[in-house]
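Asker: A single structure is presented below for examination.
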Amino acid sequence: MLNTENSSTIQAATELLIRYYAGMEQRHVKPVIEPQSILNSLPLHPPADGENVGEMLKDIEDKILPGLTHWQHPGFMALFPSNASLPSLIGEYLAAGMAVNGMMWDTSPAAAELEQRMVDWLRELCGLPDSFEGVIQDTASTGTLTAIIAAREKALGYSGNTKGLSGTKRLIMYTSDQAHYSVEKGAKAAGIGSENVRKIPTNDAMEINIQALELAVKEDIQQGHQPFMVVATLGTTSSLAFDPLLPIVAICQQYQLWLHVDAAYAGNAFILPEYRHYLQGVEHADSYLFNPHKWLFTHFDCSVFYVRDVRHLTNTFSANPEYLRASFTDNIRNYKDWGLPLGRRFRSLKLWLVMRWYGQKGLQAKIEKHMSLARLLRQLLENHHHWHFAAPPLMNVLTIRFVPDNSLTSEEVDQLNRNLLAFINADGRFYLSGTVIRGQFVIRIVPAQSDVEEKHIFELYELMQQGATQLMPD
Ligand SMILES: *Cc1c(COP(=O)(O)O)cnc(C)c1O
């Protein structure tokens with residue numbers, strides 16, 4: 001596959017990427033493009049004969065790069081990021097070159113053992129309890145689905161695995177109305193059914209309402225149903241709210257419910273000890289996840305999933321046909337038995353390089369920088385009374401509403417904010433998103449890019465002020 005003769009091809013591909021990064025800020029973060037224009041630029045049929053690599057790279061540069069939404073652009077502040085870094089890139093590249101499949105210990109002992117050590121390193125860096133054992137999954141959605149299936153089987157004494165779900169009581173799970181859509185999707189895929197996901201209302205801070213949660217559990221028990229699980233969120237997607245773990249733990253213990261904690265984005269910030277108060281009680285959670293591929297400078301995909309008792313995973317997911325017989329049974333991990341996929345990418349390599357390259361202090365400084373950029377933007381905007389903050393920013397997600405005149409109706413202000421968002425995004429230097437909080441449309445800003453600096457925040461501030469001036473009703 002690889003020899004000295006084709007090193008120049010590797011070099012050309014690397015140079016393409018270097019040019020891409022050098023010109024990044026000249027590109028619109030989100031491309032301005034007609035649907036199907038890229039599709040129509042691609043040949044209808046595959047080539048009969050192999051083609052020249054130079055032409056392939058040229059096509060990538062001419063047809064693909066202009067059609068990307070540039071997730072590594074410092075102005076990408078719309079969704080939670082998928083931020084990346086050089087050590088992570090090298091880790092991905094080397095893993096691709098080794099091209100192993102870490103399904104089980106025998107299929108690559110180094111992949112299994114490095115993964116074990118890396119999830120332990122991350123657990124320590126983020127202040128998670130020693131009792132947690134981890135595995136790397138592709139996404140948080142997969143981690144949550146895995147948790148729902150394991151919780152379902154624990155509640156059914158593993159009979160769902162063998163007999164299926166018909167004839168069981170209605171299994172009910174609970175989460176807040178701010179939970180990520182992956183919770184409901186997981187419930188559908190796990191055979192729970194979306195109607196059996198109770199979306200508990202939230203308080204003014206967008207945290208789950210504990211009284212409402214307990215009441216719902218009691219009511220379901222009275223109805224003869226079987227509550228089995230609560231999914232708490234640390235850092236909701238819309239406004240980065242944190243469900244209070246301690247009272248949720250108390251309810252889970254009283255009613256014997258599996259507690260799964262989704263900290264997909266905010267979990268990365270626990271590398272800073274001053275945010276760990278949100279973790280109080282987490283040692284009682286049954287499962288917990290966060291995504292280094294969002295905010296820990298590690299390429300997509302890399303979601304870390306922890307459980308307190310791994311037997312609930314292996315009892316549910318292990319299958320041992322003769323052709324997958326392991327050489328040893330003790331002291332090794334066969335990660336294929338810890339979740340759904342058999343085949344697994346060698347994702348721990350990039351994590352290893354990222355943690356060694358930056359060290360704990362370097363990673364802490366990078367996350368703290370993002371917090372300070374959010375504080376800076378807030379301070380700049382607070383000088384003008386027409387910027388309202390929908391929620392107190394607990395980390396680096398700002399939810400902001402432009403309210404130029406208190407005599408406007410809420411609908412008029414919503415429309416103004418939608419127009420303002422369109423104005424900002426049309427400029428091309430930034431890509432922001434909107435969300436609805438307590439019925440009001442707000443602009444949502446997440447400064448968390450690997451390369452975002454103060455100067456970008458000042459530029460964004462100027463642009464927001466410019467938009468506000470233009471849209472100000474006279
Ligand atoms: C982003 C996000 C998810 C989904 O993440 P994927 O890894 O893309 O599946 C789940 N929960 C929360 C709170 C998120 O922010």
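The values are calculated or read from the model by the stated rules, or taken from the named source; none is laboratory data. Keep in mind it's a predicted model, so treat the numbers as computed, not measured. Ideal geometry is used to build each Cβ from the backbone, glycine not excepted, and the neighbour counts take in all protein chains shown. Accessible surface is based on the protein model in full, side chains and every heavy atom, while ligands, DNA and RNA are left aside. Shrake-Rupley method; radii C 1.70, N 1.55, O 1.52, S 1.80 Å.
Asker: Which condition number in (1) under 23 Å from the mean Cα position of the chain (by Cα); (2) open to solvent by 50 Å² or more (accessible area, probe 1.4 Å); (3) among the hydroxyl-bearing types (S, T, Y) is the one that T409 fails?
Answerer: Result: T409 fails condition (1) only.
Asker: Right, here's the next one. Given the conditions (1) closer than 30 Å to G167 by Cα; (2) open to solvent by 10 Å² or more (accessible area, probe 1.4 Å); (3) more than 16 Å from the ligand (Cβ to nearest atom), and given that V197 satisfies all but one, which numbered condition is not satisfied?
Answerer: Failing condition for V197: (3).
Asker: Return only the number of the condition from (1) out of contact with any helix residue (DSSP H, G or I) (no Cβ under 7 Å at 6 or more places or on another chain); (2) under 30 Å from F270 (Cβ atoms); (3) of a type in the set (D, E, K, R); (4) modelled with pLDDT of 95 or more that R438 does not satisfy.
Answerer: So the condition that R438 fails would be (4).
Asker: Taking the stated definitions as given, is T329 out of contact with any Lys or Arg (no Cβ under 7 Å at 6 or more places or on another chain), in a helix (DSSP H, G or I) and surrounded by fewer than 20 Cβ atoms within 10 Å (Cβ to Cβ)?
Answerer: no
Asker: Given the residues G186, G160, G167, which is the only one that is at pLDDT below 95, of a type outside the set (A, V, I, L, M, F, W, C) and open to solvent by less than 30 Å² (accessible area, probe 1.4 Å)?
Answerer: After applying the criteria, what remains is G160.
Asker: When you look at F305, is it within 12 Å of the ligand (Cβ to nearest atom), at pLDDT 95 or above, of a type outside the set (A, V, I, L, M) and assigned to a strand (DSSP E or B), yes or no?
Answerer: Here the answer is yes, as F305 does meet what is asked.
Asker: Right, something else. Going residue by residue through region 289-300, is there one that turns out to be open to solvent by 10 Å² or more (accessible area, probe 1.4 Å), part of a loop (DSSP other than H, G, I, E, B) and within 16 Å of the ligand (Cβ to nearest atom)?
Answerer: Yes - at least one qualifying residue is present in region 289-300.
Asker: Further question: Within region 214-240, take every residue that is under 15 Å from the mean Cα position of the chain (by Cα) and near the ligand (Cβ under 10 Å from one of its atoms) and give me the one that is modelled with the lowest pLDDT.
Answerer: The extreme case among them is S238.
Asker: Any residue in region 1-21 that's surrounded by 10 or more Cβ atoms within 10 Å (Cβ to Cβ): show its pairings with residues that are part of a loop (DSSP other than H, G, I, E, B) at Cβ separation under 8 Å, as long as the two are six or more apart or on different chains.
Answerer: I10/L2; Y21/Q72
Asker: Any idea how many residues of region 308-326 are at pLDDT 75 or above and part of a helix (DSSP H, G or I)?
Answerer: Result for region 308-326: 7.
Every residue, every condition in (1) modelled with pLDDT under 95; (2) open to solvent by less than 20 Å² (accessible area, probe 1.4 Å); (3) closer than 26 Å to E462 by Cα, yes or no:
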residue	(1), (2), (3)
K336	yes, yes, no
L353	no, no, no
I367	no, yes, yes
L380	no, no, yes
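Asker: Next question. Among the residues of region 70-83, is there at least one that is at pLDDT 95 or above, within 30 Å of I332 (Cα to Cα) and not polar (S, T, N, Q)?
Answerer: No: zero hits.
Asker: Within the bounds of region 233-248, is there any residue that is over 17 Å from Q178 (Cβ atoms), touching a residue at least 12 places away in the same chain (Cβ under 8 Å) and crowded, with 24+ Cβ neighbours inside 10 Å? Outline the logic, then answer.
Answerer: Pass one, region 233-248, residues over 17 Å from Q178 (Cβ atoms): 246.
With the extra rule that they be touching a residue at least 12 places away in the same chain (Cβ under 8 Å), the set shrinks to 246.
Okay, now just the ones that are also crowded, with 24+ Cβ neighbours inside 10 Å, so none.
No, the conditions are met nowhere in region 233-248.
Asker: Among the helices (runs of 4 or more DSSP H) lying completely within region 107-163, list those that include at least 3 residues that are of a type in the set (S, T, N, Q). Full working, then the answer.
Answerer: Numbers: elements: 109-125, 140-155, 159-163.
Because the criterion is at least 3 residues that are of a type in the set (S, T, N, Q), the helices (runs of 4 or more DSSP H) in region 107-163 that meet it are 140-155, 159-163.
Asker: Let me ask something else. I'm trying to understand the selection: among the residues of region 301-311, which are open to solvent by 30 Å² or more (accessible area, probe 1.4 Å) and either touching a Lys or Arg at 6+ places or on another chain (Cβ under 6 Å) or without any contact (Cβ under 8 Å) to a residue 60 or more places away in the chain (or both)?
Answerer: D309, R311 - these are the residues of region 301-311 that are open to solvent by 30 Å² or more (accessible area, probe 1.4 Å) and either touching a Lys or Arg at 6+ places or on another chain (Cβ under 6 Å) or without any contact (Cβ under 8 Å) to a residue 60 or more places away in the chain (or both).
Asker: Does region 170-179 hold any residues that are surrounded by fewer than 21 Cβ atoms within 10 Å (Cβ to Cβ) and within 16 Å of the ligand (Cβ to nearest atom), and which are they?
Answerer: Across region 170-179, the qualifying residue is only D177.
Asker: What are the residues in region 200-249 that are aliphatic (A, V, I, L, M) and either in contact with a Ser or Thr (Cβ under 8 Å, 6 or more places away or on another chain) or in a loop (DSSP other than H, G, I, E, B) (or both), if any?
Answerer: Hits for region 200-249 are I200, A205, M206, I208, V230, V231, A232, L240, A241.
Asker: Need a quick list: helices (runs of 4 or more DSSP H) entirely within region 1-83 having at least 3 residues that are small (G, A, S).
Answerer: 7-22
Asker: Oh, and also: Which of the residues that make up region 41-52 are modelled with pLDDT of 95 or more, within 18 Å of E5 (Cα to Cα) and not charged (D, E, K, R)?
Answerer: G50
Asker: Just one of (1) over 21 Å from D138 (Cβ atoms); (2) within 16 Å of the ligand (Cβ to nearest atom); (3) in contact with a strand residue (DSSP E or B) (Cβ under 9 Å, 6 or more places away or on another chain) trips up Y265, so point out which.
Answerer: (1)
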